[in-house]
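This report concerns only the one structure given below.
Read the figures in this text as sums done on the coordinates, not as results from a lab. As the structure is a prediction and not an experimental result, all values here were calculated from the model. Note: ideal-geometry Cβ built from the backbone for every residue, glycine included; neighbour counts use all protein chains shown.
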Amino acid sequence: MEHFRIILTLLQFLKKDISFNCIRDMVLRGFELEPFKRHHGEKIMEIVGKMKLKNPDFIHPVKFNALKNILLTEGRYNWEAMIELRNPSFFPEHSMIYYKEFDSSILNSFRIEVTDSLHKGHDIVRSFPRTYKAFIYVDTENSYTTLPHGTDLALLTFCDIATRTVLLWRVHKMSAHQMRQIQGVIRGISEMRQFACFGAEPFFESPQDVQYQRNDGTLISLKEAVKESVGLDIDKRETMSDWTKEILTKDQIVYAAMDALAVHYIWSGRRIRLG
């Protein structure tokens, strides 16, 4: 990820929520291109410092120092700081995103599957019943860069209420041919079941878009729509994390699953409210 692009992205999130894990992912990807020039590193640390002032719990001091040691060394490889920064979290077993709804009997019944296998993904999607009338709710996550299949699409998320299944289908290593195969499977299912999404999802053919306008005519955000529809606060801090990393974090898995499930909440909530 280009260093100047990282700065521009972080500036956009000064007034929004973003997790430290996202910043870490961007910095690590940027370092893969080349070490950070000092003025770029200083600007990133300035932005992170402002985020830390706004929320003292935003970043652990150990991680803050590791980030500083990587960004301000200008060409020198600090392997100790790099190892510390690559560690998923200060408490690796602890997930920062928590939803009390996942403790309920309804959401406890959901099976969350994560796979990068073409065949396993096919099998799970094909297991969704074709005669069930409810939507299959979908969402996508993108990479920082163009992937082998020619786009930045890194993850397809499917939520099927009928089977209580959420599939996180990692497609970041797929070829263009394999992506066409996936689209063929989706096309076959769409003859019997319709897909629903929030906002434009061009990978899917003619899905039902449940995004709607505010009273002032502007499009509502996913976070606002879920809150308005069913009173649920969803966490959007992982949106800029690295969806191509070898192993997704617990927070990424919960985030992606909840985004697709949120589409169901919005659709169901608005149907109830609007009659």
Given charges of +1 on the Cβ of Lys and Arg and -1 on the Cβ of Asp and Glu, with all other atoms neutral, how large is the dipole of the chain about its Cα centre, in debye to the nearest 20? 280 debye
For Cα extents along the principal axes in Å, pick the label among (i) 47, 39, 33; (ii) 60, 42, 37; (iii) 65, 47, 31 that corresponds to the value derived from the coordinates. (ii)
For the chain, calculated [θ]222 nm from helices alone, where every DSSP H run of n ≥ 4 adds -39500 (n - 2.57): -14000 deg cm²/dmol
Reach of Lys133 by Cα under 17 Å, taken over aspartates and glutamates that are not fewer than 8 positions away in the same chain: Asp160, Glu191, Asp209
Nearest 20 debye, what's the magnitude of the dipole of segment 124-176 about its Cα centre given +1 on Lys and Arg Cβ and -1 on Asp and Glu Cβ? 300 debye
Alpha-carbon centroids, segment 154-181 and segment 39-67: separation in whole Å: 34 Å
As a test, work out the antiparallel percent of DSSP beta bridges whose residues both lie in the chain, rounded to the nearest 5. 60 percent
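Set the bar at 23 Å for Cα to Cα. Now go through Lys16/Lys227; Lys173/Lys236; Lys68/Lys250; Lys120/Lys250 and name every pair that lies beyond it.
Lys173/Lys236; Lys68/Lys250
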What FRET efficiency comes out for the pair Leu28/Ser268, r = Cβ-Cβ distance, R0 = 45 Å, nearest 0.05? 0.70
Once you charge only the Cβ atoms, +1 for Lys and Arg and -1 for Asp and Glu, what is the size of the charge dipole of segment 3-86 about its Cα centre, to the nearest 20 debye? 260 debye
